[in-house]
């Protein structure tokens, strides 16, 4: 691979969940990231509170300090990642980084929702970038979708499940019939809720994210103080049950909508028809619906929090900045996502080597021993049966349907077995074979 | 608004579904697009087959011609939108546009899947951009998500419902118990399938799109000839029914996956567990799952075809190119999506003015006349009841739950009515009120 240019050097403010995750992803995927960005991206310096605790992350490539100003003022650093959280001193450090000509990447939604206007004005003046994909929807590239993917549209409204803690609690309340307090306790035990869950369960975190989406959707300043905010603490198991009986699910939604008299900006629980895709977004997952006048409704779904999903967005921002600093403008984003000189030559796998499970349906004479023959052939081919579900007996032609699901095997195994099964006199020609994909991640 | 720079001039090759939709969106949303792009974007010249038929689109701003070379060679045009479809002469015209230094935007998946490598090499050499968001997933910004939003990840697999025609047919087969032939006929009558549906129902269209996604996900050349392609023509109503009984749905999936021995690249029907979000993507809608090692699974959903959804992606590409041509690199994408000097001052709507439907739950004494009083108060406030669903009689305290859904009203109306209802002696304090959002688009 060709990476003649010197690496982009990143300074981290904080090595907690977000900062630590960012470091992990930058290190693990260094080659893939360089193939995309056209240049290596290395975290070279990190400010931490506790040097001893942060020792797990130390390495030859990374210097630790307890003084964040050392990172912000380091002339060798190109981009500062603010991963401390909280408004102060994060704001002051970001402004200092901007003043010293550094680009900034942050996951700090409270900061952007409350101080975005000042931060962006400073960045504009200095000619640097401030990127904040990780501030909304964790790993979901929703900022990019709204700001770049849907630019053709007059955006009409956005509605999102943008807080994983509350969605986990509401899912528990529905699935387990728990009340709010019990579901919260479980969420805390499992690490989905913090010891002090106020910001999440009262809707403040969602309102920060909604404020940011509203600003970029409608081209208005950040107006967090004007948001209407209700949480989920008053919801009861009864309401969740009644809603279910009515054909609805209760979700904490952030909604912003353009109306002739003004912009709606509100976070509150809402009943959603159960058949809507977003009503089926469960557990700690996030999803955002965006309605544009040309595209109609689009939906974006993924993990809204966690070390690596958040790092996914932080690092995507780092790649955006790097591409901007590295390429001539016209080839900023390579046509094929990776730099042309770094395309890989992986072969396409022949279909016979592909492994999936299978749905098989065959019509068989309704007589003893047929099923034994079929299962013997499958066993000989090394294919095991997960379930055999349906035989419709007594059809007009005296035949029955045998329907089964197999465990995973290679396509050539099933092809071989099916040619033997189809040669059985008791089996009608043309066994139906459909692949099964669990898509479980 | 400030748009001192001269407009970006766009030439359209074709004014059919995609070209016509692009023109419509560019005209209707001209102001919003200019606020985002920092510059007006105008279609000034279009090549069409039939001048008379295209007359509906004519205007002072737009010159029509029957000779596409006039568009490609027009020195006043900055970007050529190829919206003719087919491989020839689209390929030759795109190469000619590139040779004359024009940027190109195309929705042509067959062209990119088959000739992308040659086209991008030519563009690279000339220093122009070739953008193709509309080639995959219609209005869903999936190319941008993979190429820019998920750059932190080693992408593991992509699985998508990327052909609306076949998804419409499969949805009909499940919901209506139709066989393939009947469902296809209906799709043709409703305009979801073409007179010759071969490319769609045989999986070729999906394979073009999958080839493109595979290339940008894994950094490999376009390899359409190596794709394994099966369509849905052999599926029967029986299989759809059996799959349902087993807890699965049948979808036509495009799947590409990285394995140690090579890249899987395959289009075929598949059983998917019914509880997966993507199994519930119905009708002509598209959805794409992307699994990255850091972010986990993300999903992108929206309209996969149609004039304006496709135009949404074409115009987003035009804005991308315009931003690149217009701004200095560091402010290519404005922090707040819109140009800083063009932020709007729409007020945030007070919550009392927001209109939604409501779920109401109140505990009432189980006695005659209470319900009449409640409904009278709601009627007085101009609030009509959509349904009243549940009364659990005979509770220990001699009270019943009254649960109802209202039609839409302003929040101040419901607040006023609830304060009156809560003052009724027969109603316990604390009526539960949860907003209902239908999110129907």
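Observations, loosely collected:
- Tally of residues being over 19 Å from residue B:271 (Cβ atoms) and not in a strand (DSSP E or B) across the stretch A:422-438: 7
- Output for the stretch B:237-255, where each listed residue is over 25 Å from residue B:199 (Cα atoms) and surrounded by fewer than 22 Cβ atoms within 10 Å (Cβ to Cβ): B:241, B:244, B:245, B:246, B:247
- Within the stretch B:277-287, the set of residues being part of a loop (DSSP other than H, G, I, E, B), more than 8 Å from every other protein chain (Cβ to nearest Cβ) and buried (at least 21 other Cβ atoms within 10 Å of the Cβ) comprises just one member, B:284.
- For the stretch B:289-309, a tally of residues being more than 7 Å from chain A (Cβ to nearest Cβ), outside any loop (DSSP other than H, G, I, E, B) and farther than 21 Å from residue A:29 by Cβ returns 1.
- If you go through the stretch A:236-253 and keep only what is within 7 Å of chain B (Cβ to nearest Cβ), farther than 17 Å from residue A:268 by Cβ and outside any helix (DSSP H, G or I), you end up with just A:246.
- Filter result for residue A:64 (more than 27 Å from residue B:290 (Cβ to Cβ) and in contact with a strand residue (DSSP E or B) (Cβ under 6 Å, 6 or more places away or on another chain)): yes
- Only one of B:363, B:376 that is more than 9 Å from every other protein chain (Cβ to nearest Cβ), more than 26 Å from the chain's Cα centre (by Cα) and in a strand (DSSP E or B): B:363
- Which numbered condition residue A:242 fails, given (1) modelled with pLDDT of 95 or more; (2) in contact with a strand residue (DSSP E or B) (Cβ under 7 Å, 6 or more places away or on another chain); (3) under 24 Å from residue A:201 (Cβ atoms): (1)
- Among the residues listed as A:205, A:200, A:179, the single one being in the same structural domain as residue A:272 (by TED's automatic domain parsing) and more than 30 Å from residue B:336 (Cβ to Cβ): A:179
- Residue list for the stretch B:324-343, filter: surrounded by 22 or more Cβ atoms within 10 Å (Cβ to Cβ) and more than 7 Å from chain A (Cβ to nearest Cβ): B:334, B:339
- Selection count, the stretch A:310-323, where residues are closer than 20 Å to residue B:297 by Cα and more than 7 Å from chain B (Cβ to nearest Cβ): 4
- Of the residues making up the stretch A:208-233, those that are part of a loop (DSSP other than H, G, I, E, B) and either surrounded by 19 or more Cβ atoms within 10 Å (Cβ to Cβ) or at pLDDT 95 or above (or both) number 8.
- Only one entry of B:153, B:114 meets the criterion of being at pLDDT 95 or above and surrounded by fewer than 24 Cβ atoms within 10 Å (Cβ to Cβ), and that entry is B:114.
- In the stretch A:35-51, the residue that is farthest from residue A:342 (Cα to Cα) out of those that are in contact with a strand residue (DSSP E or B) (Cβ under 7 Å, 6 or more places away or on another chain) and modelled with pLDDT under 95 is A:51.
- Condition check for residue A:374: surrounded by 17 or more Cβ atoms within 10 Å (Cβ to Cβ), at pLDDT below 95 and in contact with a strand residue (DSSP E or B) (Cβ under 8 Å, 6 or more places away or on another chain): no
- Residues that are more than 7 Å from chain B (Cβ to nearest Cβ) and more than 26 Å from the chain's Cα centre (by Cα) within the stretch A:255-276 comprise A:258, A:260, listed in sequence order.
- Of the residues B:149, B:116, B:127, B:137, the single one that is closer than 20 Å to residue B:279 by Cα and either within 12 Å of chain A (Cβ to nearest Cβ) or out of contact with any strand residue (DSSP E or B) (no Cβ under 9 Å at 6 or more places or on another chain) (or both) is B:137.
The values are calculated or read from the model by the stated rules, or taken from the named source; none is laboratory data. Quantities reported herein were computed from a predicted structural model and do not represent experimental measurements. Glycine gets a Cβ as well: all are built from the backbone with ideal geometry, and neighbour counts include every protein chain shown.
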